[in-house]
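Below: one structure, written as structure tokens.
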Amino acid sequence: MTMIFGIPIQALLGQLLVGLINGSFYAMLSLGLAVIFGLLRIINFAHGALYMLGAFIGYLLLVHLGIGYLPALILVPLAVGVFGMAVERAALSRLYRLDPLYGLLFTFGMALVIEGVFRFYYGVSGNPYAVPSLLAGGTNLGFMFLPNYRGWVVVASLVVCIGTWLLIEKTRLGSYLRAATENPELVQAFGVNVPLLLTLTYGLGAALAGLAGILAAPVYQVSPLMGSDLIIVVFAVVVIGGMGSILGAIVTGYMLGLAEGLTKVFYPEASNLVVFVIMAIVLLLRPAGLFGRDA
Amino acid sequence: MSEPLLAVRDLHAWYGEGHALHGVNLDVYRGETVTLLGRNGVGKTTTLRAIMGLVRKREGSVFFNGSDLIGLPLHRVAHQGLGFVPEERGIFATLSVDENLVLPPVVAEGGMSVEEIFDLFPNLKERRNSPGTRLSGGEQQMLAIARILRTGVQMLLLDEPTEGLAPVIVQRIGELLATLKKRGMTILLVEQNFRFAARIADRFYLMEHGKVLEGFPVAELAAHTETLHEVLGV
Ligand SMILES: Nc1ncnc2c1ncn2[C@@H]1O[C@H](COP(=O)(O)OP(=O)(O)O)[C@@H](O)[C@H]1O
Ligand SMILES: [Mg+2]
């Protein structure tokens with residue numbers, strides 16, 4: 001058996017794959033958080049709940065309506081996105097002129113309510129969501145065995161992250177979004193409907209969280225707690241990448257997933273800690289984050 | 001005389017509790033260039049921002065083309081045909097020169113095309129892919145004006161376009177405004193430098209303490225020089 005630093009290469013690659021999968025979810029979630037924070041200046045504490053909502057909507061569609069994974073890939077982000085837009089219009093839009101603390105408290109409260117409702121009806125135990133038959137099985141890469149669904153998650157998340165990045169950096173809508181992040185009043189004075197842009201942006205962030213949720217359903221168990229388990233790490237990712245930095249959120253998401261995977265191989269006891277250790281070091285050396293612009 | 005294009009009536013504005021405008025009245029007729037003069041802090045910028053709706057707490061009337069802009073959401077104002085070039089220029093750092101240029105939506109026909117604008121501002125074309133804030137101060141001012149010219153607005157609100165710029169650039173901005181005026185653009189200009197303004201303005205308004213004191217045509221500028229020196233402290 002091939003060894004690297006005294007570790008069998010299969011074990012190393014296996015953990016790197018797990019890290020890459022986790023990193024895929026970190027990247028998609030921190031991307032949405034960064035987009036929302038950049039424009040709305042709201043730290044969206046409900047992001048984990050929206051991710052859980054996405055997974056649950058997928059699960060309920062399957063169990064109650066027999067609607068399978070592929071249609072759910074479209075329906076779930078749509079549903080969570082529309083839910084997000086309704087929340088923004090009904091509540092968040094009224095908080096922008098107040099202290100940012102109100103937005104934080106509101107989204108935190110909303111997360112508790114959403115999770116509470118699902119806990120009330122479904123308890124805390126996980127519900128399995130079968131891997132869709134199209135993506136079942138695995139592929140032997142020669143050096144390791146790759147479950148097809150996991151490969152799909154990595155590819156899908158890359159496509160989503162790159163697509164969102166292109167949308168923001170290369171399109172006209174994206175230029176409105178970047179400009180409004182710098183100076184929303186001036187952009188609105190030019191005739192751009194900035195309030196609508198804010199609604200769409202929160203909707204986009206929510207839809208990304210929902211999509212991550214349905215992608216995660218066959219990997220992790222669908223449970224009301226799945227969001228709060230993940231969101232703390234995702235917040236650390238956003239801080240390390242630099243609040244509001246789109247590219248920072250994506251790259252840091254994958255990097256930290258891989259860092260966790262590597263730690264699991266070489267020093268498993270620290271694998272849950274490594275992200276926060278990195279966060280502390282980054283905050284000490286570069287408080288604006290790895291990709292953040294110094295204010 | 002016909003109806004003014006812009007008629008401001010008894011306009012008040014507040015920053016928090018601070019009362020910044022105390023009943024501003026002014027008229028700008030179609031095709032005119034009108035300059036608002038006054039010392040630092042008298043409320044010239046606030047007047048422009050209150051006309052646009054950028055100052056939230058305001059009272060009075062702002063008639064444009066006969067309809068009152070007070071009460072319109074901020075993003076509807078530009079669509080009435082009013083373009084704004086802020087004092088701080090408002091060039092976006094995360095947008096390229098090109099993106100800055102096409103950011104404000106076209107609100108009416110008759111604006112310049114990007115090609116025409118690049119003919120007028122060749123250095124913007126050379127730097128079209130660099131971030132907007134990498135331009136020099138003068139180029140940023142050109143860009144701030146150029147991007148409004150694309151939108152087809154009938155009237156420009158220009159806040160101190162020559163502030164802090166070298167004489168050569170001031171000269172170029174003067175030529176640009178003269179060109180715009182020839183094309184029929186209506187301009188409300190805030191300017192400290194009244195010798196610069198005298199070359200293009202048809203009329204002046206003098207502001208003090210959040211109010212417009214008096215208005216006079218350019219022909220009477222000489223008769224007013226003493227008052228101006230006194231009020232402007234130049
Ligand atoms: N953002 C602001 N917040 C509070 N007060 C302001 C603000 N902007 C301007 N002011 C005050 O309003 C008054 C008018 O300012 P301004 O319109 O900028 O004057 P000008 O453009 O003629 O120099 C000044 O007393 C100034 O201190
Ligand atoms: Mg001013």
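The values are calculated or read from the model by the stated rules, or taken from the named source; none is laboratory data. None of these values were measured; they are calculated from a predicted model. Virtual Cβ from ideal backbone geometry, glycine too; neighbours counted across all protein chains shown. Surface areas here come from the heavy atoms of the whole protein model, side chains and all, with no ligands, DNA or RNA. Shrake-Rupley method; radii C 1.70, N 1.55, O 1.52, S 1.80 Å.
Observations on the model:
- Subset of region B:4-56 (residues that are within 13 Å of the chain's Cα centre (by Cα), within 13 Å of ligand 2 (Cβ to nearest atom) and not small (Gly, Ala, Ser)): B:LEU36, B:LEU37, B:LYS44, B:THR45, B:THR46, B:THR47, B:LEU48, B:ARG49
- For A:GLY84, the conditions (1) part of a helix (DSSP H, G or I); (2) open to solvent by 10 Å² or more (accessible area, probe 1.4 Å); (3) in contact with a Phe, Trp or Tyr (Cβ under 7 Å, 6 or more places away or on another chain) all hold with the exception of (2).
- Residue in region B:213-227 that is in a strand (DSSP E or B), within 16 Å of ligand 1 (Cβ to nearest atom) and within 14 Å of chain A (Cβ to nearest Cβ) present: no
- With respect to the conditions (1) modelled with pLDDT of 90 or more; (2) not in a helix (DSSP H, G or I), A:ASN272 falls short on a single one, namely (1).
- Single unsatisfied condition, B:LEU95 versus (1) more than 14 Å from ligand 1 (Cβ to nearest atom); (2) within 14 Å of another protein chain (Cβ to nearest Cβ); (3) under 19 Å from the mean Cα position of the chain (by Cα); (4) open to solvent by less than 50 Å² (accessible area, probe 1.4 Å): (3)
- Qualifying position, being more than 14 Å from ligand 1 (Cβ to nearest atom), outside any helix (DSSP H, G or I) and within 14 Å of another protein chain (Cβ to nearest Cβ), among B:GLY60, B:GLY111, B:GLY31: B:GLY111
- Test: residue in region A:274-293 that is aromatic (Phe, Trp, Tyr) and more than 22 Å from the chain's Cα centre (by Cα): no
- The selection criterion, being within 14 Å of chain B (Cβ to nearest Cβ), at pLDDT 90 or above and at negative phi, does not hold for A:ARG150.
- Members of region A:221-256 that are open to solvent by 30 Å² or more (accessible area, probe 1.4 Å) and in contact with a Pro (Cβ under 9 Å, 6 or more places away or on another chain): A:GLN221
- Residue, most open to solvent (accessible area, probe 1.4 Å), within region B:11-28, restricted to residues that are more than 9 Å from ligand 1 (Cβ to nearest atom) and either in contact with a Pro (Cβ under 7 Å, 6 or more places away or on another chain) or within 14 Å of chain A (Cβ to nearest Cβ) (or both): B:ASP27
- Per the listing B:VAL106, B:VAL42, B:VAL8, the residue uniquely in a loop (DSSP other than H, G, I, E, B) and either more than 14 Å from every other protein chain (Cβ to nearest Cβ) or among the aromatic types (Phe, Trp, Tyr) (or both) is B:VAL42.
- Count of residues meeting criterion [outside any loop (DSSP other than H, G, I, E, B) and within 16 Å of ligand 1 (Cβ to nearest atom)] in region B:79-92: 2
- Condition met for B:SER67 (open to solvent by 40 Å² or more (accessible area, probe 1.4 Å), more than 15 Å from the chain's Cα centre (by Cα) and among the hydroxyl-bearing types (Ser, Thr, Tyr)): yes
- Note on region B:186-201: residues that are away from ligand 2 (no atom under 14 Å from the Cβ), modelled with pLDDT under 95 and under 22 Å from B:MET52 (Cβ atoms) amount to 3.
- Checklist (1) over 28 Å from B:ASN25 (Cβ atoms); (2) open to solvent by less than 10 Å² (accessible area, probe 1.4 Å) applied to B:VAL168, failing item: (2)
- For B:VAL62: the one exception among (1) open to solvent by less than 30 Å² (accessible area, probe 1.4 Å); (2) away from ligand 2 (no atom under 16 Å from the Cβ); (3) closer than 23 Å to B:ALA146 by Cα: (3)
- Of all residues in region A:159-183, those satisfying the criterion of being open to solvent by less than 60 Å² (accessible area, probe 1.4 Å), more than 8 Å from chain B (Cβ to nearest Cβ) and either closer than 23 Å to B:ARG76 by Cβ or outside any helix (DSSP H, G or I) (or both) are A:THR171, A:LEU177, A:ALA180.
- Counted residues, region B:137-180 - those being part of a loop (DSSP other than H, G, I, E, B), within 16 Å of ligand 1 (Cβ to nearest atom) and not β-branched (Val, Ile, Thr): 4
- Residue count, region B:73-95 (criterion: more than 16 Å from ligand 2 (Cβ to nearest atom) and either polar (S, T, N, Q) or closer than 18 Å to B:ALA108 by Cα (or both)): 11
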